[in-house]
Amino acid sequence: MATPRTRSAPVERRGAGDRDGWHLDSLPVLVIVLLGVVALQSPISRALSPPAVQSWMTVFIAVVTQALPFLVLGVVLSAIIAVFVPPAFFARVLPKRPAIAVPVAGIAGAILPGCECASVPVAGALVRRGVTPAAAFAFLLSAPAINPIVLTATAVAFPRNPEMVLARFAASLVVACVMGWLWLRLGRPGWLRPPVRPSFDGDGKGAAFWGSVRHDVMHAGGFLVVGAMAAATLKTVVPAAWLHAVASIPAVSILALAVLAVLLSICSEADAFVASSLSAFSLTARLAFLVVGPMIDLKLFAMQAATFGRGFAVRFAPATFTVAILVSGVAGLVLL
């Protein structure tokens, strides 16, 4: 008797179903929102007329307008690297000795543009291709913090303080290397769950590229809006005396902005403009904001746990946060 053929399970495609139904990024929803804004133009104008609201809108629009071009450029370049540069390339160019591979991987982040959303899957791909985890983690931390797009954005955001670019580069690279060496020294294989799923498995190059760009722009853009809203609220709503009270205590101000960076989860291509708007705080405190944010925040913790396992994330994230604060404080004293 002939054996009935088994039908293979359908392959789930990312983005399948986007053409059916309405989604938050679909054209009908956008048209309805625009029509609603036009219909409610008068009430909206009255609501935005108070001086405090006008000041809030000014800060919010300024932060978003300055940061958006760098965010889009960084996302596009990140997608190019993630899709068209094979992970085996990194395995070939890194030294075989793990202690030397760590700083080399950290420095490689300076020439490979990419946001933190892209650095986690790239680091997972490196581990899958045989790169020592310590080097992959150094790249994971350095790439979103010291790449050319981020450093250029930092220079634009701090035109009167060009030393912030050097301080951000040096502090972020030191943190990345220290964390890589700490993993070599203290890391345990049982803490790490090797990633097993390719980032763009089953997609063509073009579909993977545009899917990555669309996802990262929507994802990172949302966090940029949240960060700009928080910065505008701090400037407008929180009494200046409160901000100066926190900012006047160096240790407290550094810790406060480091925690704020974790909570806001702003894309590294845009965080410099939010940091520059927090003018009540010292340059060292704002440096801590720029160093901590691209390395550990809420979304990164979730991505690291999903890629490398929860056992890794609950150990790696607090250690990174502590090292980043300490190095930022020292870098601020020496370079700022």
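The values are calculated or read from the model by the stated rules, or taken from the named source; none is laboratory data. Just so it is clear, the model here is predicted, and its values are computed rather than measured. Here the Cβ positions follow ideal geometry from the backbone for every residue, glycine too, while neighbour counts run over all protein chains shown.
Pairs are defined by a Cβ separation below 7 Å, a sequence spacing of at least 6 or placement on different chains, a first member in the range 317-332 that is on the phi > 0 side of the Ramachandran plot, and a second member that is at pLDDT below 95; no pair meets this definition.
Can you tell which of SER265, SER253, SER276, SER248 is among the small types (Gly, Ala, Ser) and touching a residue at least 60 places away in the same chain (Cβ under 8 Å)?
On the way: SER265 fails: touching a residue at least 60 places away in the same chain (Cβ under 8 Å); SER253 fails: touching a residue at least 60 places away in the same chain (Cβ under 8 Å); SER248 fails: touching a residue at least 60 places away in the same chain (Cβ under 8 Å).
Exactly one of SER265, SER253, SER276, SER248 is among the small types (Gly, Ala, Ser) and touching a residue at least 60 places away in the same chain (Cβ under 8 Å), namely SER276.
Applying a threshold of 7 Å to beta carbon distances and a minimum spacing of six or more residues, or different chains, the list of pairs starting in the range 215-235 at a residue that is over 19 Å from SER279 (Cα atoms) and ending at one that is surrounded by fewer than 18 Cβ atoms within 10 Å (Cβ to Cβ) and at pLDDT below 70 reads MET218/ASP25. Of the residues making up the range 230-283, just one is farther than 22 Å from ASN161 by Cα and in contact with a Lys or Arg (Cβ under 7 Å, 6 or more places away or on another chain), namely SER265. Per the listing ALA99, ALA123, ALA145, the residue uniquely at pLDDT 90 or above and surrounded by 23 or more Cβ atoms within 10 Å (Cβ to Cβ) is ALA145.
Take the residues of the range 149-191 that are without any contact (Cβ under 8 Å) to a residue 24 or more places away in the chain and farther than 30 Å from ALA306 by Cα: which is surrounded by the fewest Cβ atoms within 10 Å (Cβ to Cβ)? It comes out as ARG160.
For the range 77-96, check the following and say yes or no: at least one residue is within 18 Å of GLY293 (Cα to Cα), at pLDDT below 85, surrounded by fewer than 24 Cβ atoms within 10 Å (Cβ to Cβ) and under 16 Å from the mean Cα position of the chain (by Cα). There is no residue in the range 77-96 that is within 18 Å of GLY293 (Cα to Cα), at pLDDT below 85, surrounded by fewer than 24 Cβ atoms within 10 Å (Cβ to Cβ) and under 16 Å from the mean Cα position of the chain (by Cα).
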